[in-house]
Amino acid sequence: MATKTRCIAVDDHQVVRQGLEILFGDTDDLELLGTVGSGEDAVEMIKQNDAQIILMDVRLPGMDGVSTIKRIHEEAPNVQFVVFSAYGDRRLVSDAIAAGARGYVMKGAPPDDLLRAIRTVAGNKPFVDPSLSPMLLMTDAGRAEAQLSEREREILQLLAKGYHTEEVARAIGLSTETVKSDTKRVIGKLQADTRTHAVAIALRQALIE
């Protein structure tokens, strides 16, 4: 039997949490380990299990979703985040991606889109709700078009596939320090905050596939 992708859902509305339990119950490849209603509870819960994906609301009482993503990244850097929110304003999406979210889905999206987002992120690829794509392209509109070298594009492409720095270095025959330096330069060129953010921008601008 194939191993299921282990998930946690964080949302302050009980009806949403119950709906997610039903949705996950109808899948064969996803397992919902539990649900919590606050960022603080999510931080505690991640210490008690080996979840791979956290489905995260951003507007939460107490510690908000973006702050929770940052905090959990410190505790469990390998956990991936899919934001599931009723809010899709430009700043919020940008902040969530900068914090480390690899997926962003609107609550009005079809259930299949949410499941597809989780599976895509579990496969080490980013996912952004199709309804947000035009807005995100507008976010990047004022930036000078990035001129990436062939090697920088190759590094970004491998990062998009989920490769770690050491794996990228081995794949293209460079030292780890060179890859780190090139990655830092790419982040600067794309005016990104993190390498995950840089990958998301590169995908939106069709700089990589």
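Diffusion coefficient of the stretch 1-83 by Stokes-Einstein, Kirkwood radius over Cα pairs, 10 °C, 1.306 mPa s: 125 µm²/s.
Within a straight-line Cα-Cα reach of under 27 Å, Lys4 can be paired with the following lysines, leaving aside sequence neighbours fewer than 8 residues apart in one chain: Lys47, Lys70, Lys107, Lys125, Lys161. Taking all protein chains in place and a 1.4 Å probe, what share, in percent, of the accessible surface of the chain do carbon and sulfur account for? That fraction is 48 percent.
Converting phi to 3J(HN,Hα) with the Karplus coefficients 6.51, -1.76 and 1.60 and the offset θ = phi - 60°, the stretch 82-96 yields 10, 7, 10, 9, 7, 10, x, 5, 3, 5, 5, 4, 4, 5, 5 Hz in sequence order, with x at every glycine or proline. Here the stretch 52-70 and the stretch 158-186 have alpha carbon centers that stand 29 Å from each other.
One decimal place: the segment Glu31-Arg116 gains 29.2 nm when fully extended, by the rule 0.36 nm per residue minus the C-alpha distance. When nucleic acids and ligands are ignored and a 1.4 Å probe is applied, His13 ends up with an accessible area of around 100 Å².
By the rule of a C-alpha distance below 12 Å, with chain neighbours fewer than 8 residues away ignored, the aspartates and glutamates paired with Lys180 are Glu152, Glu166, Glu167.
Each residue of the stretch 20-34 was assigned a 3J(HN,Hα) from its phi angle through the Karplus curve 6.51 cos²θ - 1.76 cosθ + 1.60 (θ = phi - 60°); the sequence is 5, 4, 5, 4, 5, x, 8, 10, 9, 10, 10, 10, 8, 6, x Hz, with glycine and proline shown as x.
Dividing the mean sequence gap of close Cα pairs (under 8 Å, 6+ apart) by how many residues the chain holds gives a relative contact order of 15 percent. Projected label points at Glu74 and His164, each 7 Å from Cα along the beta carbon direction, are separated by 2.2 nanometres.
Loop-located GluC sites (Glu not before Pro) in the stretch 27-78 (DSSP state not H, G, I, E or B) with no more than 10 neighbouring Cβ atoms inside 10 Å do not occur. Could you compute the FRET efficiency for Ser67 and Glu209, with r as their C-beta to C-beta distance and R0 at 35 Å, rounded to 0.05? Efficiency, rounded to the nearest 0.05: 0.60. Using the 1.4 Å probe convention, the accessible area of the stretch 1-113 works out to 48 Å² per residue with neighbouring protein chains retained.
Expressed to the nearest 5 percent, the antiparallel share of DSSP beta bridges inside the chain is 0 percent. Annotation: amide H of Gln191 has no partner in the under-5 Å range at sequence separation 5 or more or interchain, hydrogens built in the peptide plane. For the chain, the equivalent ellipsoid derived from the alpha-carbon gyration tensor has semi-axes of 29, 19, 16 Å in decreasing order.
The values are calculated or read from the model by the stated rules, or taken from the named source; none is laboratory data. Just so it is clear, the structure is predicted and the values come from calculations on it, not from any experiment. A quick note on method: Cβ atoms are made from the backbone with ideal geometry, for glycine too, and the neighbour counts reach across all protein chains shown. Areas reflect the complete protein model, heavy atoms only, side chains present, ligands, DNA and RNA absent. Shrake-Rupley method; radii C 1.70, N 1.55, O 1.52, S 1.80 Å.
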